[in-house]
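The values are calculated or read from the model by the stated rules, or taken from the named source; none is laboratory data. Here the structure is a predicted model, which means the values were calculated and not measured. Please note: Cβ atoms are built from the backbone with ideal geometry, for glycine as well, and neighbour counts cover all protein chains shown.
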């Protein structure tokens with residue numbers, strides 16, 4: 001029916017797809033979508049996406065919708081209760097607004113991107129809509145647009161939230177730890193993602209001559225890595241290896257940045273980096289031993305099936 005509507009419309013009237021309707025409903029037309037807000041406008045032009053999301057963004061239309069036309073309700077009111085279902089909907093708002101800020105910055109419209117970030121904080125204040133992983137896009141946008149102070153504030157709050165969550169998951173006994181294994185792994189991955197943005201913010205501080213701020217930020221990060229080493233040591237398997245690899249990559253980046261700016265801090269980073277390398281190789285060796293131990297059992301099973 002959708003294809004029939006498109007075929008007989010002859011582009012006389014606009015056709016839109018809701019951005020929450022899921023991949024199957026787009027019937028393979030993703031490359032012909034232009035996002036204008038909470039909906040995709042179907043256009044007769046193939047658009048290459050640079051962010052893995054459907055189509056592109058009509059930044060002029062979407063910016064006008066977000067800043068001038070959208071009715072945001074009363075999410076900013078302290079007298080309003082937002083239940084879990086409504087809060088999940090805010091994830092969608094955060095994602096589309098973050099995507100808009102990225103597109104605006106790529107087009108050189110940094111002032112507009114900052115205004116969109118500010119609007120997001122205004123209409124979805126953290127006292128009603130708690131900061132979460134989907135808020136990180138605004139921190140990145142602030143940083144890329146040159147609003148380092150606002151980026152720093154958001155990142156500091158996000159790190160504090162997820163470090164607190166990770167500390168809580170680490171309080172579980174070995175017998176109960178399996179019940180929160182997914183949450184613990186997810187939180188560890190989010191912390192790594194936030195750290196990637198944080199280290200680039202520190203680099204921006206260095207580039208802007210704010211050495212003290214950059215040094216303080218990196219010192220805090222390396223202290224966190226040192227503290228969390230026992231947590232990562234307790235993880236196992238491919239996922240744990242991936243997390244530690246990300247940590248090593250981030251510390252390498254920090255080492256490169258501090259090498260010519262703070263020799264003492266660079267030395268400290270090297271010490272923690274070497275400890276993580278030990279954890280990495282220990283986990284890799286454990287995984288190899290497990291594979292070798294499993295191999296005879298697999299071969300025996302194959303022989304039994306052949307017989």
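Can we say residue 284 is surrounded by fewer than 17 Cβ atoms within 10 Å (Cβ to Cβ) and at pLDDT 80 or above? Answer is no for this residue. For the stretch 58-65, indicate whether the set of residues that are without any contact (Cβ under 8 Å) to a residue 24 or more places away in the chain and either within 19 Å of residue 117 (Cβ to Cβ) or surrounded by fewer than 17 Cβ atoms within 10 Å (Cβ to Cβ) (or both) is non-empty. The answer is yes, given that some residue of the stretch 58-65 is without any contact (Cβ under 8 Å) to a residue 24 or more places away in the chain and either within 19 Å of residue 117 (Cβ to Cβ) or surrounded by fewer than 17 Cβ atoms within 10 Å (Cβ to Cβ) (or both). In the stretch 45-80, of all residues being touching a strand residue (DSSP E or B) at 6+ places or on another chain (Cβ under 6 Å) and assigned to a loop (DSSP other than H, G, I, E, B), the one that is modelled with the highest pLDDT corresponds to 58.
Considering only residues in the stretch 147-171 that are surrounded by fewer than 21 Cβ atoms within 10 Å (Cβ to Cβ) and in contact (Cβ under 8 Å) with a residue 40 or more places away in the chain, the one that is farthest from residue 183 (Cα to Cα) turns out to be 148.
Every condition in (1) over 24 Å from the mean Cα position of the chain (by Cα); (2) within 22 Å of residue 117 (Cα to Cα); (3) not assigned by TED's automatic domain parsing to the domain that holds residue 93 holds for residue 17 except the one numbered (2). Report yes if residue 151 is in the same structural domain as residue 80 (by TED's automatic domain parsing) and closer than 21 Å to residue 253 by Cα, otherwise no. Answer is no for this residue. Report yes if residue 150 is farther than 27 Å from residue 214 by Cα and in contact with a helix residue (DSSP H, G or I) (Cβ under 6 Å, 6 or more places away or on another chain), otherwise no. Considered against the rule, which asks whether it is farther than 27 Å from residue 214 by Cα and in contact with a helix residue (DSSP H, G or I) (Cβ under 6 Å, 6 or more places away or on another chain), residue 150 comes out as no. Does the stretch 172-195 contain at least one residue that is touching a residue at least 40 places away in the same chain (Cβ under 8 Å) and outside any helix (DSSP H, G or I)? Checking the stretch 172-195: not a single residue is touching a residue at least 40 places away in the same chain (Cβ under 8 Å) and outside any helix (DSSP H, G or I).
Evaluating residue 35 against the criteria (1) in contact with a strand residue (DSSP E or B) (Cβ under 6 Å, 6 or more places away or on another chain); (2) free of Cβ contacts under 8 Å to residues at least 60 places away in the same chain; (3) within 21 Å of residue 124 (Cβ to Cβ); (4) outside the structural domain of residue 123 (by TED's automatic domain parsing) leaves one unmet condition, (2).
Pick from the stretch 130-146 the residues that are touching a helix residue (DSSP H, G or I) at 6+ places or on another chain (Cβ under 6 Å) and not in a helix (DSSP H, G or I): which of them is surrounded by the fewest Cβ atoms within 10 Å (Cβ to Cβ)? Here the answer is 131. In the stretch 94-114 there is at least one residue that is touching a helix residue (DSSP H, G or I) at 6+ places or on another chain (Cβ under 9 Å), modelled with pLDDT of 90 or more, part of a loop (DSSP other than H, G, I, E, B) and not assigned by TED's automatic domain parsing to the domain that holds residue 2.
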